[in-house]
Amino acid sequence: MPSVSDILETMDYGPAPEAAGEVLKWLSARGDFGHYINGRFTPPGTTFEVRNPATGDLLARVSQGGEADVAAAVKAARAALPRWSKLSGHDRARHLYALARHIQKRERFLAVLETLDNGKPIRETRDIDVPLVARHLYHHAGWAEMLAEEFPGQGPVGVCGQIIPWNFPLLMLAWKIAPALAAGNTVVLKPAEYTPLTALAFAEICAEVGLPKGVVNIVTGDGATGAALVAADVDKIAFTGSTEVGRAIRKATAGTGKKLTLELGGKSPFIVFADADIDGAVEGVVDAIWFNQGQVCCAGSRILVQEGIAGTFTERLTARLGKLRLGDPLDKSTDIGAIVDPVQLARIRDLVAQGQAEGAVLHQAPCQLPSRGSFFAPGFFTNVAPANIVSEVEIFGPVATLTTFRTPDEAVELANNTRYGLAASVWSENINLALDVAARVKAGVVWVNATNIFDAGAGFGGYRESGFGREGGREGVGEYLSEAPVKAKAESAPVTLETGPVPEAPAGVEPIDRTAKLYIGGAQKRPDSGYSYAVRGKGGVIGLAGLGSRKDIRNAVEAAHKAAGWGRATGHNRAQVLYYLAENLAAREAEFALRLKSAGSPKPAEEVATAIRRAFYYAAQADKFDGAVHATKSAHVTLAMPEPFGVMGIACPTDAPLLGLLSLILPAIAMGNRVVAVPSQNMPLSATDLYQVFDTSDLPGGVVNIVTGPRDDLAKTLAAHDDVAAMWYCGSPEGARMVEAESAGNLKVTWRVQNRDWLGAEGQGRGFLSRATQIKNIWVPYGE
Ligand code: NAI
């Protein structure tokens, strides 16, 4: 026991643990837990143990959900759906308010329970997790109230299967359940096996507030239970967890029509410029990587420091590291609690040891580790080579890497040198520099002079292999609504290709009337195969089209990649090019109509006229489809900016060969994407006729690339390509399944486009533009 003079000397705190008695009493009164299905707890089945990671003590036994449990929960959710979705938004809002208020009433209880179950410090559960849970429920009660007005014509998706991780157990539950319920869905939620207890306490709260039975169902269990939920009769899966499992879920749901959102891992950069407030940035690191023991998907795990201040920064960081208090998570002065489970601890130890073996130098806090429980002293690595495992792999523990850079360009390059894209944090007192870097970093969330702030009012979610979909804000509610339904139209089957070598032409002479080439990088290119295929129109063969192959797709993607300047052009610039394109198409209206007629298009004149109007429409939208400023709780403005994906693959419908193609290409390029398109397999020649229109419209080479040939084979290569960030596919159900399954490699965003009446209103609109963009949320200090 330190004496008073010792304490005055060190200014150290004495222990101040939060009492756990009430929670332990609750746990022992409940005994073994069953699942919460249809408004009541089932009798416990086969159970597994849930332990306190700080002590190893047994907290509870919880049931391992099997297929039958999942099926029962889904059945209850399905039965509850009609009534719940037909309640007025106001009535649903009242239920959400009641949940929020009851959470607030039990704030201390839930904070202690979460700390016991997860091992995170009570300061965090009390001041961050649980208040944010209440905030999320209140915020979404508001969305329920306004749903009809804010999202006219849209309805709930249906029964939602939700699978959550263990790092913010109750908060992730709220992120999933609040928007789902607000939008009129019912849910079956599976908490993580390490941390199911606050979800079970939440189930009790649902019963307490009189939430109609079956609206929220909780099934506990491990990955097998999660997999059973993915396979069950649900309309949507919302998942947060590892990229590996996200990928498996992408494959498992391919072709099922289940809506999917994935919030996955990250290796987020934390960029400190020489002109940053160094002490502020050091404190930022504490919140970035030592918060929640680094078990945070958006943790700033790669610290990038500008060379000139690297020495000072590292010194101050080391000093701050030495002041962190590790120990009993229930102690109010603990900074670093326990790692969630011995399995995770072993994983962190292995990765850290491997990093050291590969030459990185570990700077670790000189903490005394408790004699029992899963603890890991926080720290950071220096001397880290880019190829070191700890530079690339998510450690998911309290250890960052620290490397240096010289120029802003180099910082951006290093920041983007990862397959992930969840978050980034930029530190500089120079607003021009900070916002310039924020714009160039590929991440779904960017914090300027801040890190790890969350709010129900702002969207959260990743780029690239960090997943897709957003949680929070307007975007998050949209993920739980079905789009206004499209009247799907059957499409003509793609014809079998009659192939042969492309006849060699003597210089300057076309061998047969029309032998269309491919269009790659702004130039006409012979197909790599050297073959073409016959295109039949009303009166027999009307021309030949290049038989594109995998190699051509790869070349086209490379050309599109190089045309990155298009994404940086202003909306105004892009609008100018699209207006020019519209005018050039209009100048050749009669000619295109004739070509379409000979190809067999049923309404050639109407098709061209609509295509021209559509080009004007998307030119008009190019500088108008913009973002929003979200109101969040802290002193920030959160700019929600729609950004292009980069390179998009587009497989076009077989019918409406000109209009189908332009209806998909135009919104994509209007938003700054570059496109590799596979036009109608049956009638590709009106697409190839567009090459000249593109050439005369100042469209930079590589922005639109066209590869003719077997649509589904070419779509497969596009869907599997790691440099294609999004893929739209219009075609057969089998083709859509193939595209979704192939997309799992880099977790590209896919859209199965229903074939529709392309001449009608459903062929254009803001829906296409929002499908062509992903939202980046940039938190900028504002006010105060
Ligand atoms: P995980 O991805 O296996 O677990 C997350 C959730 O998915 C849990 O509820 C789990 O039961 C469920 N699950 C597991 N396999 C499933 C399957 N095949 N189908 C459906 N659901 C399934 O993550 P885990 O193993 O707990 O942690 C491993 C690593 O994943 C961590 O070290 C970290 O790198 C990453 N991770 C990332 C998280 C994030 O928030 N992005 C959260 C948790 C883990």
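The values are calculated or read from the model by the stated rules, or taken from the named source; none is laboratory data. Predicted model only: the values in this text are computed from it and were never measured. Please note: Cβ atoms are built from the backbone with ideal geometry, for glycine as well, and neighbour counts cover all protein chains shown. Calculation scope for accessible area: heavy atoms of the full protein, side chains included, ligands and nucleic acids excluded. Shrake-Rupley method; radii C 1.70, N 1.55, O 1.52, S 1.80 Å.
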Worksheet item: under 20 Å from ASN682 (Cα atoms) and of a type outside the set (A, V, I, L, M, F, W, C) - does that describe any residue in segment 559-570?
Response: no
Worksheet item: Of all the residues that make up segment 257-297, how many are within 16 Å of the ligand (Cβ to nearest atom) and either aliphatic (A, V, I, L, M) or surrounded by fewer than 18 Cβ atoms within 10 Å (Cβ to Cβ) (or both)?
Response: 6
Fill in: Per-region count, segment 628-661, residues under 17 Å from TYR463 (Cα atoms) and either surrounded by fewer than 24 Cβ atoms within 10 Å (Cβ to Cβ) or within 18 Å of the chain's Cα centre (by Cα) (or both)
10
Worksheet item: Among the residues of segment 350-404 satisfying the criterion of being in a helix (DSSP H, G or I) and open to solvent by less than 40 Å² (accessible area, probe 1.4 Å), which is nearest to ASP436 (Cα to Cα)?
Response: SER391
Item to complete: Determine if segment 431-449 includes at least one residue that is farther than 22 Å from ASP722 by Cα, surrounded by 24 or more Cβ atoms within 10 Å (Cβ to Cβ) and touching an Asp or Glu at 6+ places or on another chain (Cβ under 6 Å).
Response: no
Worksheet item: In this structure, is ALA199 in contact with a Gly (Cβ under 8 Å, 6 or more places away or on another chain) and either over 26 Å from GLN154 (Cα atoms) or within 16 Å of the ligand (Cβ to nearest atom) (or both)?
Response: no
Worksheet item: Can you tell me which of GLU491, GLU465, GLU504, GLU510 is outside any strand (DSSP E or B), open to solvent by 20 Å² or more (accessible area, probe 1.4 Å) and either modelled with pLDDT of 95 or more or among the hydrophobic types (A, V, I, L, M, F, W, C) (or both)?
Response: GLU465
Worksheet item: In the list LEU116, LEU110, which residue meets the criterion of being part of a helix (DSSP H, G or I) and under 22 Å from ALA141 (Cβ atoms)?
Response: LEU110
Worksheet entry | Selection from segment 181-195 of residues that are part of a loop (DSSP other than H, G, I, E, B), hydroxyl-bearing (Ser, Thr, Tyr) and either within 6 Å of the ligand (Cβ to nearest atom) or buried (at least 24 other Cβ atoms within 10 Å of the Cβ) (or both) | THR195
Item to complete: Might you check whether a residue that is in contact (Cβ under 8 Å) with a residue 40 or more places away in the chain, over 21 Å from SER391 (Cα atoms) and not aliphatic (A, V, I, L, M) occurs anywhere in segment 302-309?
Response: no
Worksheet entry | Matching residues in segment 206-246 - criterion: being under 19 Å from GLY469 (Cα atoms), in contact (Cβ under 8 Å) with a residue 12 or more places away in the chain and near the ligand (Cβ under 8 Å from one of its atoms) | VAL230, PHE239, THR240, GLY241, SER242, THR243, VAL245, GLY246
Worksheet entry | Considering residues of segment 147-180 that are assigned to a helix (DSSP H, G or I), under 18 Å from TRP84 (Cα atoms) and away from the ligand (no atom under 16 Å from the Cβ) only, the residue most open to solvent (accessible area, probe 1.4 Å) | ALA148
Worksheet item: Can you name the helices (runs of 4 or more DSSP H) wholly within segment 519-620 that have at least 3 residues being under 40 Å from the mean Cα position of the chain (by Cα)?
Response: 550-562, 565-568, 571-587
Discussion item. Please return the ranges of strands (runs of 3 or more DSSP E) entirely within segment 700-768 where 3 or more residues are open to solvent by 10 Å² or more (accessible area, probe 1.4 Å) and under 30 Å from ASN573 (Cα atoms).
Written reply: 749-752
Worksheet item: Applying the selection to segment 315-343, what residues are open to solvent by 30 Å² or more (accessible area, probe 1.4 Å) and more than 27 Å from THR195 (Cα to Cα)?
Response: GLU315, ARG316, THR318, ALA319, ARG320, GLY322, LYS323
Worksheet item: Can you find even one residue in segment 405-414 that is under 17 Å from ALA281 (Cα atoms) and either crowded, with 24+ Cβ neighbours inside 10 Å or of a type in the set (Ser, Thr, Tyr) (or both)?
Response: yes
